[in-house]
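For reference, the structure discussed in these notes is given below.
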Amino acid sequence: MRSVKGFTLIELMVTIAVLAVIISLAVPSFSSIIRDNRLFSLSQELRGTLQQARSEAVKRNEVVTVCRSNVGSTDCANGTAWEAGWLIKVGSGTGEILASFQAAQGVSITGPTSGLTFRRNGMASTGNASWSVTSSGCTGTQKRVVRVNKVGNVTLDKESC
């Protein structure tokens, strides 16, 4: 007689049940990690945008503005909700658009009402400006805050929701 090696149906069902329990415990923590990484990458993109705008202002010897994007348009819009995205514009008024960015879905971004302008020397036109990047299910210290001081230095901090 030949011996047959393998699993019985009961062993297979027990293994699947144990796997299901482990996965159901792990999934909520993974969604929190994914949300945290999404907020971090979006706030890094915003930080990079501000640094690029400052660099362009010095390089071109012109004022450069980072402003809230108007949905479906290349115009700047006033308001504190930056979820639609943002623009980098050279000069004042209807200047050249250097770059445009779109925010991720499910993320809330609040920032200065009229944007931020960098002068020819790289300094910010207003005092301290800040952007807050959060998600709807924000917990703990997942909130990111991007700040620009008067000198034009850009920092990124993690804060509680």
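The table for this structure:
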quantity	calculated
Cα gyration tensor shape for region 69-161, rounded if a/c is under 1.5, else prolate or oblate	oblate
Ranking by accessible area, most exposed first, for VAL4, VAL151, VAL107 with a 1.4 Å probe	VAL4, VAL151, VAL107
Average Cα contact separation per residue, region 2-131, under 8 Å, 6 or more apart, as relative contact order %	21
Solvent accessible area, Å² - LYS150, 1.4 Å probe, full protein context	90
Approximate spin-label separation SER100-ALA20, in nm, with each point projected 7 Å along Cα-to-Cβ	4.9
Size descriptor, Kirkwood hydrodynamic radius, that averages inverse alpha-carbon separations across region 118-161, Å	11.3
Accessible surface, 1.4 Å probe, highest first, among residues CYS76, CYS138, CYS161	CYS161, CYS76, CYS138
Computed log₁₀ I(q)/I(0) - Debye formula, equal Cα scatterers, no solvent, the chain, q 0.11, 0.14, 0.19 Å⁻¹	-0.52, -0.71, -1.12
Helix axis angle, 9-60 relative to the chain longest principal axis, alpha carbon, degrees	10
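The values are calculated or read from the model by the stated rules, or taken from the named source; none is laboratory data. Just so we're clear, the structure is a prediction, and the values are computed from it rather than from any experiment. In this analysis, Cβ positions are derived from the backbone assuming ideal geometry, glycine residues included, and neighbour counts consider all displayed protein chains. All accessible areas refer to the heavy atoms of the entire protein, side chains included, with ligands and DNA or RNA removed. Shrake-Rupley method; radii C 1.70, N 1.55, O 1.52, S 1.80 Å.
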